[in-house]
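In what follows, a structure is listed as structure tokens, so that the remarks can point back to it.
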Amino acid sequence: MKQGLRSVWRHKRVSVAVVITLGLALGAALAVAAVVDAVLLRPLPFPDPGRIVAMWNTGPKLPATVRAISFQDLEDWREMSKTLEVASGFTPVSATLTERGDPRRLEGMRVARDFDRVLGMRPEVGRLFVAEDFAEGAPDVVVLANGFWRREFGSRTDAIGQALMLDGRPWRIVGVLADVAMTYPTAPHDFWRPLLPRAGAQWESQRATGWLNAVGRLRPGVSVDEARGELSAVARALAERYPGSNRERQAIDLRSLKDELVADARAALWLVAAAVGALLLVAFGNVVHLLVAHAVVRQREFAVRHALGATPGRLGRQIGIEAAALGAAAVCFGLVIAPLLVEIFVTLPANALPRQSEIAIVPAAMRWGVVMLALTVAVIAWPHARLASRSTAIGAASTRIVGSRADRRVRQALIGTQVALSIVLLTGGALFVRTLIALQTVDAGFSSDNVLTMQVTPSRGHAPSAAATMQFYGNALDAIRAVPGVEAAAASTSVPYVVSGWAFGISSKDASGEQRHPVRVSVASPQHFDALRVPIIEGRPLSDDEQRGGADAVVVSRALARVLYGSRSAVGGTLDYSGRTWTIVGVVPDLRWRLDQAPIAEVYLPWHNAGQRPQAIVVRTSGDAASLTDLVGQRLRAIDPGVTIAEVSSLRERMAVTLAPQRLRAALLASLAGLAAMLAMFGVYSVTAFAVATEAREQAIRVALGETRERARRRVVGASLKPAMIGAALGVAVAWACGRFVQSFLFEMRADDPRLFAVVSVALLALTVVAAWLPASRAARLDPSVVLRDTGDQV
């Protein structure tokens, strides 16, 4: 052990190179392993999580993206299903908290009965909901989320029984949820409230309207396929019983809750894991070659030790100790880097990665670190063990080091493999970077520059009725427009990237038959299109009288106009919605709510239909929108001191958040590709330098026999370029084969673009020439008389 550690210390440059090369790759691998372990491999933190499923209606005419169901359907599923042990549903809700400092908005969940049984939740203190809490006329009760209870009440148990003033109504606290390291059913929320259809919300009492997310717990021994078949029979029975609302709901699909949560992230994470695996192979290839060269240098040492009586077992133990020391140092270095990389994942927006709160480096690192250590030790030990086993006493007397033909083939194979893997990673990185650039430049249909957005809710005392609410927003918009630097201000129930409002379905016919299309509904005040700089492409905007006077006039998007009237003009046509017939007076461009998805149809109703709904306010400014945040807030509080102002940010910032998944993929793959290319070029340089050193006598003889320096330089570079070209061809083939796996992540480009393959290959081969040029130049400058006079080892 002492001799092994002394040897590691004596060869410091090699040891440092090994530790840094492997440490960087292992750090990335351990970080990704921690994320994959938490998000994809670890079961959900609920009792028997494999039995929890998400459920939704399906049918050939239903949009695949629509997952919400009606409350009435949920009740029927609960009663008619034999495979579900329990079923429930939830929907998000916002509320204004008052009488506990400044008014502020809380995010909560309205949960149907038995929701806690579906998840297997238990109370930290108090109780959860009981059947009486869901009865008509039951007292208003609320269950607090554990995090909100700790922040607001300091974990005091006397919070039970206190009243929480939400939207001007007292809600009695009956319990606190147990602390579960998971943000479900939505992003971090503050409370649960019992869910019953509200009398003032017509859509909640209609079977035709979907507004709930359904979840259930399967009975023991029941598979997802069995439940899917039985529930689909239930859906068909409901379609026969209620043809007006359920005719198109022909089946019910199920997916385990874990699969539903990670569905969007699964492929991306495995893609990143594969890229890290390729990076590890490049790093291991570099280390193998470096240690092969180092082992050749130490061949004389092993031969002398063997001649002095060292047994193969003793030499093996020394090599193992050296490998273990280097491997442990590399893994420790990786463990220092890994938490920094994990922090990047943890701080991502919630839409970029599910289950972020469960990601931790320590548990995963203990498991994967052991695997990485064993693999690293084996890779480090192999080159020395290979040459030590071939060392003899006769070899100790050798004064030359000339790589064998097998060693040359190994070196060439390493160059080719590293270049091939680098081609694959560089191609992937370039594709994702180009996708991100394309998304950032796509036309969203509106201008997000210098636009301030916020969600504003008046106090209940200031706006007790629909008329008072409309009066508040009218006064608020007038006050905001009077602020210097404000060009336009509007209120709306639906603003891209801010709040989505609600939707309904509409049918159309084409060559393939009747189709069902979702339509987003926006109730917008005057200046809505001015604030977003959305042009009127046909007809006109709603007049002030139409906005405030109760007229049945609407503006529609181009997509909705196309659905209703095809290539004909939609202006002057009608639209049936909510039991009324509306006249179309104008058409606007389609707005993209997701830059990577096609826009859906939209209809803009007059502002008098907004009623008491909370509104998002959009403010267009002539300069930096953020600079007016405080002034706008002051004007709103001057009108209503109890007003709640939430989620204040620029529209551009909100759009950027939606690109977080694409930005993460582009940054990770580009970084991994750059690191792989750097390691590959280091490998080319070290292979060429080693070949020059070990073949110095041969090179000296060539020069002595008349070879010019330029020809010597080209020969040495060519020796490295040939395997690199073979590796580039192999890398292009692998990248082309992998293209179909990444095509779904790309935007307006193809993964098999030959121009991209050509550019990446030429660039990497050019770097290969540069990496080999320096040692080649050194070989060309060798003095034959000096080399041939020297009888020592040349390395």
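Taking a ≥ b ≥ c as the square roots of the eigenvalues of the alpha-carbon gyration tensor, the range 554-627 is classed oblate because a/c is 1.5 or more while a/b is no larger than b/c. Per-residue packing, averaged as other Cβ atoms within 10 Å, sorts the ranges 762-772, 5-15, 444-454 into the order 444-454, 762-772, 5-15, beginning with the highest. Helix 405-441 axis versus longest C-alpha principal axis of the chain: approximately 20°, rounded to the nearest ten.
Here the gap between residue 250 and residue 437, fully extended at 0.36 nm per residue and compared with their Cα-Cα distance, gives a gain of 63.2 nm. Close amide H pairs (under 5 Å, H built 1.01 Å from N) link residue 600 with 593, residues at least 5 positions away or on another chain. With R₀ fixed at 41 Å, the C-beta to C-beta distance from residue 770 to residue 304 puts the FRET efficiency at about 0.55. Here's the picture: charge each Lys and Arg Cβ at +1 and each Asp and Glu Cβ at -1 in the chain, and of 458, 39, 603 the one pushed furthest to the positive end of that dipole is 39.
Within the straight-line cut-off of under 18 Å between alpha carbons, the aspartates and glutamates reachable from residue 82 are 73, 114, 225, 226, 230, 253, sequence neighbours fewer than 8 places apart in one chain being disregarded. Modelled spin-label separation between residue 117 and residue 6, with each label point placed 7 Å from Cα along the Cα-to-Cβ direction: 7.4 nm. Charges were assigned to the Cβ only: +1 to each Lys and Arg, -1 to each Asp and Glu. The resulting dipole of the chain about its Cα centre is roughly 4040 debye.
Largest accessible area first, the residues 79, 538 order themselves as 79, 538 under a 1.4 Å probe with ligands, DNA and RNA left out. The charge dipole of the range 79-152, taken about its Cα centre with unit charges on the Cβ atoms of Lys, Arg (+1), Asp and Glu (-1) only, comes to about 300 debye. Determine the shape class of the range 104-175: with a ≥ b ≥ c the square roots of the Cα gyration tensor eigenvalues, call it rounded for a/c under 1.5, and otherwise prolate if a/b is greater than b/c, oblate otherwise. Verdict is oblate for the range 104-175. Using alpha carbons only, how many degrees (0 to 90, rounded to 10) separate the axis of helix 754-780 from the longest principal axis of the chain? Tilt relative to the chain: about 30 degrees.
In this simple spin-label approximation, residue 240 and residue 468 carry label points 7 Å from Cα along the Cα→Cβ vector, and these lie 5.2 nm apart. Compared with the direct C-alpha span, the chain from residue 537 to residue 134 gains 140.2 nm at full extension, assuming 0.36 nm per residue.
Per residue, the accessible area of the range 46-198 comes to 42 Å², computed with a 1.4 Å probe over protein heavy atoms only. Over the range 427-537, what is the mean sequence separation of C-alpha contacts under 8 Å (at least six apart), divided by residue count, expressed as relative contact order in percent? Normalised by residue count, the contact order of the range 427-537 is 24 percent. Around the amide H of residue 573, modelled in the peptide plane, lie the amide H atoms of 584, all under 5 Å away and 5 or more residues distant in sequence or on another chain. The charge dipole of the range 418-534, taken about its Cα centre with unit charges on the Cβ atoms of Lys, Arg (+1), Asp and Glu (-1) only, comes to about 240 debye.
Among the protein heavy atoms of the chain, carbon and sulfur supply 58% of the accessible surface, probe 1.4 Å, non-protein parts ignored.
Given the Cα-Cα distance of residue 155 and residue 267 and 0.36 nm per residue of separation, how much length would full extension add, in nm?
Working: separation 112, 0.36 × 112 = 40.32 nm, distance 3.97 nm.
Contour length minus the Cα-Cα distance gives 36.4 nm.
The heavy atoms of residue 171 offer some 20 square angstrom of accessible surface to a 1.4 angstrom probe.
The order of the peptides 271-277, 308-314, 284-290 by mean Cβ neighbours within 10 Å, most packed first, is 284-290, 271-277, 308-314.
Return one whole number: the accessible area per residue of the range 411-538 in Å², for a 1.4 Å probe.
I get 37 Å² per residue for the range 411-538.
Taking a straight line from the alpha carbon of residue 12, these lysines sit under 19 Å away, with near neighbours fewer than eight places off in the same chain left out: 2.
With a cut-off of 8 Å between alpha carbons and a minimum separation of six or more residues, what is the relative contact order of the chain in percent?
That works out to 17 percent.
Between residue 504 and residue 42, the distance separating the two model label sites (each 7 Å from Cα on the Cα→Cβ line) works out to 4.5 nm. The calculated 222 nm mean residue ellipticity attributable to helices in the chain amounts to -16500 deg cm²/dmol, summing -39500 (n - 2.57) over DSSP H runs of n ≥ 4 and dividing by all residues. In the context of the full set of protein chains, the range 216-358 has a per residue accessible area of 43 Å² (1.4 Å probe). Karplus-derived 3J(HN,Hα) values for the range 124-130, using 6.51 cos²θ - 1.76 cosθ + 1.60 with θ = phi - 60°, are 6, 9, x, 9, 9, 6, 10 Hz; glycine and proline are entered as x. Of the whole protein surface, residue 203 contributes about 100 Å² of accessible area at a 1.4 Å probe radius. Identify, among 638, 59, 413, the residue whose Cα sits farthest towards the positive end of the charge dipole of the chain, taking +1 on the Cβ of Lys and Arg and -1 on the Cβ of Asp and Glu, with the dipole about the Cα centre. With unit charges placed on the Cβ atoms, the residue in question is 413.
The values are calculated or read from the model by the stated rules, or taken from the named source; none is laboratory data. Note that the coordinates shown come from a computational prediction; the quantities given were computed from them, not determined experimentally. No Cβ is skipped: glycine too gets one built from the backbone with ideal geometry, and neighbour counts run over all protein chains shown. Calculation scope for accessible area: heavy atoms of the full protein, side chains included, ligands and nucleic acids excluded. Shrake-Rupley method; radii C 1.70, N 1.55, O 1.52, S 1.80 Å.
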